[in-house]
Amino acid sequence: MLKLVSIREGLVEIDIPDPEYYTKERGYHDPAWLPVFYNPRAEISRDLGVLLLKAYVDIHGLERINIVEPLSATGIRGIRYAKELDRDCTVYINDLDKRAFKLMTRNMIKNRLEDRIVVSNLDANELLMKLHRDTTIDVVDIDPYGSPVPFLETALLTLKDGGLLMVTATDIAVLYGVYPTTCVRRYQSLSYRTPFSIETALRILIGYISRQAARLDKYLRVVLCYYHQLYLRVCVELYEGASKANEVLSKEIGYIVYCPNCGHRTVFRGYPYTPSPYCKNCKLKAILLGPLWLGELCNEEYCNFMLDSLERIKYRHYKLEKKLLTLLKEENYMPPYYYSVTEIAKTMKTVEPSPSKLRNLLVESGYKATLTHFDSKGIKTIASMHEIVEVLKHGR
Ligand SMILES: C[S@@+](CC[C@H](N)C(=O)[O-])C[C@H]1O[C@@H](n2cnc3c(N)ncnc32)[C@H](O)[C@@H]1O
């Protein structure tokens with residue numbers, strides 16, 4: 001018997017293992033220590049998941065949909081989708097762990113959602129293949145421990161043409177260059193520590209999903225991809241079409257060459273392609289990153305729809321969610337990397353400039369520039385490092 005407590009999130013109330021009881025001996029709390037996983041910090045990802053689903057059904061005029069969340073733990077995510085989506089739907093929730101299966105069943109009953117939810121206790125890939133055979137799936141949400149890679153193939157196969165794929169990754173250290181060998185093995189991509197590693201991590205993940213989709217003659221259209229509190233979230237629509245998949249590979253996938261000597265960044269579009277790993281500016285050996293996604297990180301129509309819904313719903317993290325969506329929209333058409341003010345200060349051997357002041361100075365000097373959701377010390381701009389330094393020298 002688990003020791004449980006009730007919590008509220010969004011429009012639902014569920015039971016979770018009592019964090020006090022299960023972590024008191026160790027003195028602090030980690031969601032992974034609970035007998036069934038529940039992370040309150042992922043509430044924002046679940047809120048945004050609900051808003052995104054609402055946008056998806058509205059934009060595509062869908063009257064009823066089938067959603068699969070095959071790694072459900074307490075069931076919170078799928079239960080929220082079933083409760084908060086104001087359309088007819090069936091939500092398949094599932095977990096390999098027996099205790100999770102029992103708890104999510106209890107939570108489904110607690111929220112009186114038996115007519116909208118189907119619960120199972122299978123391996124996630126087995127469930128996805130079973131659904132692939134038996135029914136049409138509109139939405140798959142993969143929310144694993146660590147990497148989503150073991151579940152991507154079946155998720156890509158199972159989704160209908162035009163379906164929505166939502167994926168979480170928490171193996172950030174691998175994707176942002178702490179373990180380059182693991183990144184090559186797991187994502188077939190080069191990643192090293194740079195001042196904009198978090199963005200590289202997200203772009204490597206999207207690029208990987210796009211290349212996996214292309215193997216199946218499918219291509220993706222980004223709707224919302226972001227980084228928040230140590231997790232990466234990729235939400236894309238998936239379509240069938242071999243020639244369009246070729247086009248996406250050649251236009252949206254590519255590489256970034258970053259020079260640790262002078263801070264210069266160069267973008268190379270196209271896949272497969274091996275750019276010269278030498279800096280275009282100072283000619284020294286630089287760092288090659290990729291293949292990675294070079295396209296947009298969000299779709300404006302989706303963002304606007306989500307912002308409108310958010311105004312009506314006002315979740316408890318409303319302010320943070322509004323800021324995240326607004327910034328994502330602003331930075332959407334900027335280069336696929338950012339500069340950190342720490343890096344700029346090091347280059348200039350001076351104190352760190354304030355990011356908003358630097359943004360204003362750059363804009364006044366005629367360069368497009370925005371803050372970025374990736375890093376509170378980050379600036380996205382079309383100006384090069386050399387140009388940023390010049391603007392700061394004359395504008396301070
Ligand atoms: C990060 S938790 C899911 C959290 C949940 N989606 C949420 O929003 O709270 C990952 C879950 O996947 C389950 N799991 C791991 N491997 C699995 C597999 N191969 N098939 C099904 N479930 C699996 C674990 O038992 C765990 O409960």
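The values are calculated or read from the model by the stated rules, or taken from the named source; none is laboratory data. Since we're looking at a predicted model, the values are computed, not measured. Cβ atoms come from the backbone with ideal geometry, glycine included; neighbour counts cover every protein chain shown. Ligands, DNA and RNA are excluded from the accessible area calculation, which covers all protein heavy atoms including side chains. Shrake-Rupley method; radii C 1.70, N 1.55, O 1.52, S 1.80 Å.
Descriptive notes on the structure:
- Couplings 3J(HN,Hα) for region 312-317, derived from phi with the Karplus relation 6.51 cos²θ - 1.76 cosθ + 1.60 (θ = phi - 60°), are 6, 7, 6, 4, 5, 9 Hz, where x marks Gly and Pro.
- Each Lys and Arg adds +1 at its Cβ and each Asp and Glu adds -1 at its Cβ; summed about the Cα centre, region 111-166 shows a dipole of about 80 debye.
- In terms of its alpha-carbon gyration tensor, region 273-360 comes out oblate; a/c meets the 1.5 threshold, while b/c is at least as large as a/b.
- For the pair His394 and Lys322, the difference between a 0.36 nm per residue extended length and the Cα-Cα distance amounts to 22.5 nm.
- CD proxy at 222 nm, helix term only [per DSSP H run n ≥ 4: -39500 (n - 2.57); per residue of the chain; nearest 500]: -12500 deg cm²/dmol
- Per residue accessible area in Å² of the chain, where ligands, DNA and RNA are left out and the probe is 1.4 Å: 43
- Under the convention that each Lys and Arg Cβ holds +1 and each Asp and Glu Cβ holds -1, the size of the dipole of region 96-234 around its Cα centre is about 200 debye.
- Simple Cβ-charge dipole of the chain, Lys/Arg +1 and Asp/Glu -1, about Cα centre, in debye nearest 20: 1220
- Most positive-pole-ward Cα, Thr181, Leu96, Ala214, against dipole of region 40-293 from beta carbon charges: Thr181
- Cα gyration tensor shape of region 179-323, rounded if a/c is under 1.5, else prolate or oblate by comparing a/b with b/c: oblate
- Ligands, DNA and RNA left out, the accessible area of the chain computed with a 1.4 Å probe is 52% carbon and sulfur.
- The alpha carbon gyration tensor of region 44-153 gives principal lengths a ≥ b ≥ c with a/c below 1.5, which makes the shape rounded.
- Taking amide H atoms as placed 1.01 Å from N in the peptide plane, the amide H of Tyr92 lies under 5 Å from those of Ile67, Val68, Glu69, Val118, each 5 or more residues away in sequence or on another chain.
- For the peptides 178-187, 381-390, the ranking by packing is 381-390, 178-187, with the highest mean count of neighbouring Cβ atoms within 10 Å listed first.
- Karplus-derived 3J(HN,Hα) values for region 5-20, using 6.51 cos²θ - 1.76 cosθ + 1.60 with θ = phi - 60°, are 9, 8, 9, 10, 8, x, 9, 10, 10, 10, 9, 10, x, 5, x, 4 Hz; glycine and proline are entered as x.
- Taking every alpha-carbon pair under 8 Å whose residues sit at least 6 apart, the chain reaches a relative contact order of 11 percent.
- Dipole orientation for the chain: of the candidates Ser365, Leu159, Asn299, Ser365 has the Cα lying most toward the positive pole (charges on Cβ; Lys, Arg +1; Asp, Glu -1).
- Placing Lys314, Lys346 in order of accessible area, with the largest value first and a 1.4 Å probe, yields Lys346, Lys314.
- The phi torsions of region 169-174, fed into the Karplus equation with coefficients 6.51, -1.76 and 1.60 and a -60° offset, translate into couplings of 10, 10, 7, 4, 4, 5 Hz, rounded to whole numbers, with Gly and Pro shown as x.
- Taking the DSSP beta bridges with both ends in the chain, the antiparallel portion is around 70 percent.
- Cα centroid separation, region 296-311 to region 133-190 (Å): 23
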